[in-house]
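The next block holds one structure in the form of structure tokens; read it before the comments.
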Amino acid sequence: MQLAVRDFARNEIAPIAATLDREPRFPWETLRRMGDLGLLGLMSPEEYGGAGIDTLGYVVLLEEIAAADASHSTIMSVTNGLPQQLILRYGTPEQRTRCLPKLASGEWIGAFCLTEPHCGSDAAAITTRADRVEGGYLLRGTKAWITGGGEAQLYLVMAKTEPDAGARGVSCFLVEKGAEGLHFGPPEGKLGQHAAIATSVTFDDLFVPEEARLGDEGQGFVMSMTSLDGGRIGIAAQAVGIARAALDAAIAYADDREAFGQPIREFQGVSFKLADMATRLDAARLLTWRAAWLKDRGYRVTKEASMAKLFASEAASFVTDGAVQVFGGYGYSTDFPVERLFRDARVTELYEGTSEIQRVVIGRQLYREQGR
Amino acid sequence: MKIVTILKQVPDAEARVRSKDGTLDLSGATFVIDGMDEYGVEEALRIREGGADAEIVALAFGPKRTAEAIRTALAMGVDRAVHVLGDEPLDALATARVLAPLVRDEGADLVFVGGKQADWDSAALGPALAEALGWPHSDWTTSLTLGDGALEVIHDVDDGSETLTLPLPAVVTTQQGLNEPRYPTLPNIMKAKRKTLDTRALDEVAAAAGVSATSTTELRSAVIESRARRNVMIEGDAASAAAELVRRLRDEAKVL
């Protein structure tokens, strides 16, 4: 399966990555093909058109897509992640039947709307409201940095049904594109991952019927927290993929490029750098696989997922930075891929919880494990 | 109807292959299903998707690792497979002798063979198989329409193309342009693990059919040509260097 996806990613995605970076657009054509192959419903069961594979299989395949283009892997991880996982777990039979097959096939892309302009990691502080009206709710507020904004057909929206109840007042709603009162901002200007279009999303007294609430009232915060671990493992896998692409490019370049009469890989300054890059990449992959493997066996992986995400994202920055250095001046040139990989990698230290948040989580878990 | 697609596993042409002491060093090489065999698998699948009630069987000769190439074909949609297991390579004639009785036993109506095998660049297996079976054959086929008990094909010839009608059963070898092979989908890759892969030893297959599994071609030696680059640097400013480059390409290399 890994080889089949590698083959696809190398032939169909990698060749368009540089163009998508320069002329950003949501890559619908390749996403639909990913849907045809089963890459957009990897963990959904077969009865909903998914591939029904486990977390370990998922991260192995996500790495393959990320090694070809980070933007594709971001869109892949968002739509495979929360939208499908939460609908599967909390959805009514009607919600599952309506949404899951469309998401798994790539006919729909899913988006997750939690972050707001003033709060990212502090999810209980959201101010988007869902006020009860007859037959449903009125949504009011603005979300920020929504990957797939304006492109996705299904938006999972976290909003306060009880504004004064803190985390317990958050509920989740399914909003389909085209709903009256749904507005999108222009694509955000970003350092990297340009084709993973992100916009603000505004709900202007948008009516959602009762049946479009996912789970119970007040369940939204728990829903987004229980699924964080899986999301972090996914970002770790993405970071591993980006780093792998950079290391492969650096290995090839150091073999071809000559200086002072020999390939630069013969110089210890280069070979030691490559050795460090490769070692961190392998360690990052193993932490990622461990977290995925434990999760598949039903263990709570809060610490392991955060460790994988923290280490892999920092390894990706280290490895892509090292690749730029190995390429020398060409590493700074847009004619070569490594400057793009360097930019694409940086956000893995930010989204799904910054590195600082991961350290907070790991630190807290160290004591929890000992019952302190 | 029944369609048999012949498969061969070859070194991946897109991966780096090392040469050592004048021969290929295949240790550490990645192996894939031959690209031209994939055209045959794809065409068989399209015939079925076009409404034909067809069972598609892959048939391959090769060492144990050949099973990986067979799994690829199963994942693309082939129904089941037969693997004739033999560690030493056979030439096209011997391979055809061994595979022909199996094709006949299957009751095949149509056989696809890759137009050319990427490892030795030989285009002999398809014609040899047709000869061993005594069936009509279309080589370098770029288009194919299945009629009632017959097949209309367009195939490349030196001066262009020909349209032929072949009675079934027949052997068709593929040419680039026949189709664009699909990637296996993940659900189909998983289903492929449960499909039947019948592995049989070469000696037993040959003995049962009463044919010789020995190559008649004897390989005396093989040399890989390698050429050193000349690494010529043209001196001077851009305009005069360009003029000199054009002169060399026209007068010396004679490519302009």
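As a rough guide to protection, the peptides B:62-69, B:111-118, B:242-249, A:239-246 ranked by mean Cβ packing within 10 Å, highest first, stand as A:239-246, B:111-118, B:62-69, B:242-249.
Can you pick out the pairs among A:LYS143/A:LYS295; B:LYS64/B:LYS193; A:LYS143/A:LYS177; A:LYS190/A:LYS309 whose Cα atoms lie more than 23 Å from each other?
The answer is A:LYS143/A:LYS295.
Value of Rg to Rh for the range A:2-105, rounded to two decimals, is 0.99; Kirkwood radius and Rg both from alpha-carbon coordinates. Within the range B:102-236, all pairs of alpha-carbon atoms sorted by distance into 5 Å bins from zero give the percentages 2, 7, 12, 14, 15, 14, 13, 9, 5, 3, 2, 2, 1, 1, 0. Paramagnetic label reach from B:LEU168 (point 7 Å along Cα→Cβ; backbone nitrogen cut-off under 18 Å): within the range B:78-117, residues B:78-80, B:103-113. Angle between the Cα long axis of helix B:92-106 and the longest principal axis of chain B, 0 to 90 degrees, nearest 10? Computed tilt is about 30 degrees. Here the Debye sum runs over all C-alpha atoms of the range A:110-162 as equal scatterers in vacuum, and log10 of I(q)/I(0) at q = 0.15, 0.20 Å⁻¹ comes out as -0.42, -0.71.
Positive-end ranking of A:THR97, A:THR74, A:GLY50 along the dipole of the range A:2-105, with charges on Cβ about the Cα centre, is headed by A:THR97. Evaluated on the range B:116-169, the Kirkwood hydrodynamic radius is 12.1 Å, with distances taken between all distinct Cα atoms. Scoring A:82-91, B:149-158 by mean Cβ neighbours within 10 Å over their residues and listing the highest first yields A:82-91, B:149-158.
Could you size up the charge dipole of the range A:2-105 around its Cα centre, putting +1 on the beta carbon of Lys and Arg and -1 on that of Asp and Glu, and report it in debye to the nearest 20?
260
Since only B:TRP135, B:VAL17, B:GLY28 are under comparison, the one whose Cα sits farthest along the positive direction of the charge dipole of chain B, derived from C-beta charges on Lys, Arg, Asp and Glu, is B:GLY28. The range A:227-369 has equivalent-ellipsoid semi-axes of 33, 14, 12 Å, by the square roots of 5 times the alpha carbon gyration tensor eigenvalues, sorted largest first. Counting pairwise Cα distances across chain B, what percent come out greater than 24 angstrom? More than 24 Å apart: 53 percent of the Cα pairs in chain B. With a 10 Å cut-off around each Cβ of A:1-12, the average count of Cβ atoms from other chains is 3.
Based on alpha-carbon atoms, the Kirkwood radius and the radius of gyration of the range A:110-216 give Rg/Rh equal to 0.96. Toward the positive end of the charge dipole of the range B:151-211, with +1 on the Cβ of Lys and Arg and -1 on the Cβ of Asp and Glu, the farthest Cα among B:LEU166, B:GLY177, B:ALA206 is that of B:ALA206.
The largest-to-smallest principal axis extents of the Cα set in chain A are 79, 51, 39 Å. Charging the Cβ of each Asp and Glu at -1 and of each Lys and Arg at +1, and nothing else, the dipole of the range A:129-269 about its Cα centre rounds to 300 debye.
Descending by average beta-carbon neighbour count within 10 Å, the peptides B:15-25, B:123-133 line up as B:123-133, B:15-25, the highest first. Using the empirical formula 2.2 N^0.38 Å as the baseline, the Cα radius of gyration of the protein assembly as shown reaches a ratio of 1.14.
Over all projection directions, the Cα-based convex hull of the range A:208-298 averages an area of 9.3 nm². Per-residue shielding of B:180-187, expressed as the average number of other chain Cβ atoms within 10 Å of the residue Cβ, stands at 6.
Each Lys and Arg contributes +1 and each Asp and Glu -1, all at the Cβ; summed about the Cα centre of chain A, the dipole is approximately 840 debye. Pair-distance distribution P(r) for the range B:95-135, from all Cα-Cα distances in 10 Å bins starting at 0: 29, 56, 15 percent.
Among the trypsin sites (Lys or Arg not before Pro) found in the range B:153-231, those both in a DSSP coil and sparsely packed, with 14 or fewer other Cβ atoms within 10 Å of their Cβ, are B:LYS193, B:ARG194, B:ARG220, B:ARG227, B:ARG229, B:ARG230.
Rule-based calculations on the coordinates, nothing more; no lab input. Because the structure is predicted, anything quoted here is derived from the model rather than measured. Using ideal geometry, Cβ is built from the backbone for each residue, glycine included, and neighbour counts are taken over all protein chains shown.
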